[in-house]
Amino acid sequence: MLVKLGSRTVTEDVVDLLIACHERIRTFIAMATRITADAGPDAREAAGQVRRYFAEAFPLHVADEEELLPIPPRIHDDHVAHAPAIDRLVAMCAAVEQGGPVPAELAPLAEQLERELTEHLAIEERDVFPALRALPEAERTRIRDAIRARRAR
Ligand SMILES: [Fe+2]
Ligand SMILES: [Fe+2]
């Protein structure tokens, strides 16, 4: 693969992009589980980062999978099922970011989402991503470029 350093035209495979998204999901949901009342001022900073990630970047990843990838019904159903919990997480984090107290429900919600997302990401990495790797290069490039274009909007 051609890599032009110092340029935005670095050639990455579509699966590399998606795995990088999954690493960010794991990072930010783990961060969410650590937002507790005794985290002090760090809670506000972390809540801001978690709010931003799940309000802005996470929906783009879900849209990529829904619109660009062949996904099994289970994966689509998970996306639908996770949405209300993600919305609650974003709302709670926004309140903490604005200086409010850490709600007692935040940590259990984050832990539940962490369990569900961990399973979901593992299924995608086991069942969806290997199939993508097997697509012809032109098709992988088309999907990768569509993922990038969504972020450039
Ligand atoms: Fe997904
Ligand atoms: Fe995913």
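Coordinate-derived values only; no laboratory data. As the structure is a computational prediction, the values presented were derived from the model and not from experiment.
Listed values, structure above:
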| read-out | value |
| --- | --- |
| Under Karplus coefficients 6.51, -1.76 and 1.60, residue-wise ³J(HN,Hα) of the stretch 126-136 in Hz, glycine/proline x | 7, 9, 9, 5, x, 5, 5, 4, 7, 6, x |
| Segment GLU105-ILE19, extension gain: residue separation times 0.36 nm, minus the distance between their alpha carbons | 28.0 nm |
| 222 nm mean residue ellipticity, helices alone, for the chain (DSSP H n ≥ 4; -39,500 (n - 2.57); rounded to 500) | -23000 deg cm²/dmol |
| J(HN,Hα) series, the stretch 87-101, from Karplus relation 6.51 cos²θ - 1.76 cosθ + 1.60, nearest Hz, glycine and proline x | 4, 5, 4, 4, 5, 5, 5, 4, 5, 5, 4, 7, x, x, x |
| Ratio Rg/Rh, restricted to the stretch 14-152 and using Cα atoms, in which Rh is the Kirkwood radius | 1.02 |
| The stretch 25-41 - phi-based ³J(HN,Hα) in whole Hz, Karplus 6.51/-1.76/1.60, Gly and Pro as x | 4, 4, 4, 7, 6, 5, 4, 4, 5, 9, 7, 10, 4, 8, 7, x, x |
